1. Taking the range 482-501, which residues are open to solvent by 10 Å² or more (accessible area, probe 1.4 Å) and either touching a helix residue (DSSP H, G or I) at 6+ places or on another chain (Cβ under 7 Å) or more than 11 Å from Asp456 (Cβ to Cβ) (or both)?
2. Only residues that are surrounded by fewer than 22 Cβ atoms within 10 Å (Cβ to Cβ) and either at pLDDT 95 or above or hydrophobic (A, V, I, L, M, F, W, C) (or both): list them for the range 66-77, please.
3. Looking only at the range 249-307, count how many residues are assigned to a helix (DSSP H, G or I) and of a type in the set (A, V, I, L, M).
4. Among the residues of the range 95-148, write down those that are over 18 Å from Ser176 (Cβ atoms) and within 16 Å of the ligand (Cβ to nearest atom).
5. So is Trp211 under 22 Å from Asn67 (Cα atoms), buried (at least 21 other Cβ atoms within 10 Å of the Cβ), under 26 Å from the mean Cα position of the chain (by Cα) and away from the ligand (no atom under 16 Å from the Cβ) or not?
6. Just one of the numbered conditions (1) surrounded by 17 or more Cβ atoms within 10 Å (Cβ to Cβ); (2) basic (Lys, Arg); (3) more than 27 Å from Met321 (Cβ to Cβ) is not true of Arg430; which one?
7. Test Glu348 against the stated conditions and say whether it is open to solvent by 70 Å² or more (accessible area, probe 1.4 Å) and under 30 Å from Thr459 (Cα atoms).
8. Being buried (at least 24 other Cβ atoms within 10 Å of the Cβ) and either of a type in the set (A, V, I, L, M, F, W, C) or more than 16 Å from the ligand (Cβ to nearest atom) (or both) is the filter; apply it to the range 295-306 and report the residue that is nearest to the chain's Cα centre (by Cα).
Amino acid sequence: MLPLFTALLLVAAVPAASAAPVDLLSGQDWSHFAGAEQSADGVRITGLDRWITDTDYQRSQANPPVNVLGPRLAVTGDFQVDAKVSGSGSLQLYGALPIIYDEWRQEPPSVRVGVTGGKLAIAVWDGKSDKPVQTAKFGSAVPATTTIGVKHVGSELAFSVDGQQVGKVADRGAFSSGQVWFGADAPAGQSWSLTSLRATGKVQVLTAPDWRQNKVAGSWRATAEALPRKVGVGSAIAIAPLVSDDRYRATAGEQFDLITPENDMKPQFVQPRRGVFAFAEADALVDFARANDIDVHAHTLVWFEALPTWMRSAPDKKTVMLDHIRAVAGHFAGRVKEWDVVNEPINEDNSDGLEHNLWYQAMGADYIAQAFRTARETDPNAVLYLNEYGAEADGGRWQALYSLVKKLKQNGVPIDGVGLQSHEYSAGERVPAETFRKHVKALNALGLKVRVSEMDVSTSDTAVQAKQFGERMTVCRQEPNCTGFTTWGFTDKYGSTATVNQYPAVPGNALPWSASYKPKKAYTALVDALR
Ligand code: XIL
């Protein structure tokens with residue numbers, strides 16, 4: 001059993017049911033909000049044009065930022081939020097944080113209000129679909145500087161402009177969670193200001209959780225840290241559950257000393273427009289890690305997925321790739337231990353063994369060496385990895401990977417190690433531990449470190465799952481060049497093994513903790529392998 005976890009949200013000294021409005025702006029944190037700039041007058045919001053791109057690389061869902069570390073409300077009945085705004089843009093009130101993946105964003109219930117073309121435009125999401133269930137335009141000749149009101153009253157949501165009600169819609173349970181989180185957006189590159197944000201009614205202001213978590217004896221990390229040779233252990237981590245799910249945060253702090261940002265450092269999130277960087281969520285993950293003595297394995301600089309559409313269509317790919325590496329690796333230098341510099345470059349079906357992705361098409365195979373050289377120049381202290389899937393097994397992918405990294409080493413390319421992802425999505429993908437060991441040894445002979453970078457084992461057979469995780473951990477412990485072991489998510493509740501492109505999301509079964517955070521046999525096997 002995990003110890004009970006309490007008192008994480010710091011409740012500001014605001015009595016419930018206070019009649020006086022509560023200030024959500026001054027003295028509150030809007031500085032960790034992507035696209036926002038906080039000043040004495042309020043907050044300036046600039047449209048980041050952040051999108052989720054689907055597997056066909058098309059924009060499939062807007063991904064407007066949410067102020068994950070800023071003020072949020074606990075509400076216990078009717079309440080009203082008043083926002084003084086100047087210019088065109090939108091404010092979005094969410095009942096929960098969206099859970100964001102590379103190819104989809106699970107939309108929680110929310111209400112968006114904004115001024116466009118002299119009207120108050122509203123949209124309502126019900127948490128059952130990506131699309132709003134209702135949109136409407138209210139009012140006329142709404143001035144550019146105005147106070148917008150959103151009132152939750154009984155089973156309705158009422159909207160006002162400068163104190164005058166302009167329309168109302170049925171409430172679809174937007175705030176039945178008892179929470180209100182704030183997000184904002186604007187058309188790409190355009191800005192507007194929020195100069196006042198107040199709430200009245202049965203509300204309490206909550207602020208970001210304390211990042212520091214308890215350490216416990218006998219945890220996975222404690223067991224790993226007691227070894228004579230350090231092997232980092234941990235998981236991929238996403239910002240939304242880290243902020244909003246106390247069990248997720250507590251487990252991560254207790255159990256891991258090495259984490260990988262699951263998606264929050266990928267290009268579509270950190271460079272949504274060319275030259276416009278948005279690091280708020282990734283910075284928050286790094287801050288959490290540092291507060292808990294956790295190392296960060298950063299992921300990923302060069303890949304062919306999770307790209308903003310502008311990057312895919314840019315004519316000058318080499319400049320784009322090198323600028324991205326310099327900006328992103330430069331931003332995190334000194335705060336992250338390692339980088340996945342190039343992700344998934346292998347395609348064993350091509351005669352050169354390489355994936356002919358957009359970077360390859362622009363620069364040829366040399367894009368890989370250029371990426372590593374630029375990463376090394378930018379952050380000389382980071383340990384640089386190439387990360388690949390399917391190469392822990394014998395066969396063409398392994399052969400192609402081995403030839404590639406051998407050549408890179410021979411050419412003096414600054415590559416330090418190889419990440420073997422170790423996804424086992426089906427019974428046909430189970431890899432014997434001794435095959436993995438053989439590959440770790442072969443890479444050691446080339447002077448390369450190895451890490452198990454993204455392990456997950458989809459199966460309802462918890463014994464088979466435990467065997468796969470445990471044996472792999474044992475080999476990693478035993479082989480001197482195996483430096484780390486991270487699973488791809490840790491609870492079945494979230495992560496790429498849950499089915500999240502339907503409502504409600506369906507939990508997966510591939511990870512060491514169940515959807516209710518019960519450690520599975522796989523967890524015990526991971527710890528036992530280090531005793
Ligand atoms: C996964 C993410 O976890 C998902 O959220 C996303 O929808 C698909 O990609 N190899 C990688 C990871 O290097 O970045 C991928 O992450 C899984 C495969």
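The values are calculated or read from the model by the stated rules, or taken from the named source; none is laboratory data. All values derive from a computational prediction rather than experimental measurement. Neighbour counts run over all protein chains shown; Cβ positions are idealised from the backbone, glycine included. Just so you know, the surface numbers come from the protein's heavy atoms only, side chains and all, with ligands and any DNA or RNA stripped out. Shrake-Rupley method; radii C 1.70, N 1.55, O 1.52, S 1.80 Å.
1. Across the range 482-501, the qualifying residues are Thr483, Lys493, Tyr494, Thr499, Asn501.
2. Residue satisfying the conditions is Ala74 alone.
3. Residues meeting the conditions: 10.
4. If the condition is that a residue be over 18 Å from Ser176 (Cβ atoms) and within 16 Å of the ligand (Cβ to nearest atom), then Ile100, Tyr101, Asp102, Glu103, Trp104, Arg105, Asp130 are the ones that fit.
5. no
6. (1)
7. Considered against the rule, which asks whether it is open to solvent by 70 Å² or more (accessible area, probe 1.4 Å) and under 30 Å from Thr459 (Cα atoms), Glu348 comes out as yes.
8. Ala298
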